[in-house]
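Below is one structure, written out as structure tokens, with a few remarks after it.
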Amino acid sequence: MKGHRTTFVIAGLLVVAAVVYLIVSSTGSAAQFFLTVQEVHDLADEVVGRNVTVSGAVLGETIVYDPLAPHVTFTIVHVPGDSQAVEAAGGLAQVLHDATLDPTRPRLEVVYRGVKPDLLTNEAQAIVRGRLDEEGRLIADDLLLKCPSRYEEEIPGQVEG
């Protein structure tokens, strides 16, 4: 009876060790960096070829869609990554609006292979996941957008474009 108990303990330890190994090994390969556009510029070569998630304001005049491919390219502009900084600047709608009007803010070109999302418009908040290529473009695997119309009431007198 004691031999069966030892066998169960050893088998249990092997299962636990296997689960721990799988968790540790998969976490390293699936890890992604979350960066602002400014941080992508600051880290430059360190993030080339790595998985990153970047948030920024869509610069509407840069959106180019090729429906035959299909793929879309556009530029995102730096917005603060800190929610307190966003609130101090007047809220998300104001931050997105200001970012698209400031030509001095860092910018990042995005290439997304797929159909152009309807929410891809000027001043939308884009959260882009993908890899930075050698030319400094973000080749997007995933593209999440927050509709700017959700924030229209927050900016009195904003001209719709």
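From the square roots a ≥ b ≥ c of the eigenvalues of the alpha-carbon gyration tensor of region 33-154, which class results: rounded (a/c under 1.5), prolate (a/b over b/c), or oblate?
Numbers: a/c = 1.91, a/b = 1.18, b/c = 1.62.
Oblate, since a/c reaches 1.5 and b/c is not below a/b.
What does the highest-first list of 100-110, 116-126, 41-51 look like by mean Cβ count within 10 Å? Please report the intermediate quantities before stating the final value.
Details: 100-110: 15.5, 116-126: 19.0, 41-51: 13.2.
Order by mean packing, descending: 116-126, 100-110, 41-51.
Enumerate the calculated ³J(HN,Hα) couplings along region 68-76 in order (Karplus 6.51 cos²θ - 1.76 cosθ + 1.60, θ = phi - 60°), each rounded to whole Hz, writing x wherever the residue is Gly or Pro.
Working through the residues one at a time gives 6, 5, x, 7, 9, 10, 7, 10, 10 Hz.
Here, each number is a calculation from the coordinates, and none is a lab measurement. In this text, all values refer to a predicted model and were calculated from it rather than measured experimentally. Glycine also receives a Cβ, built like all others from the backbone with ideal geometry; neighbour counts cover every protein chain displayed.
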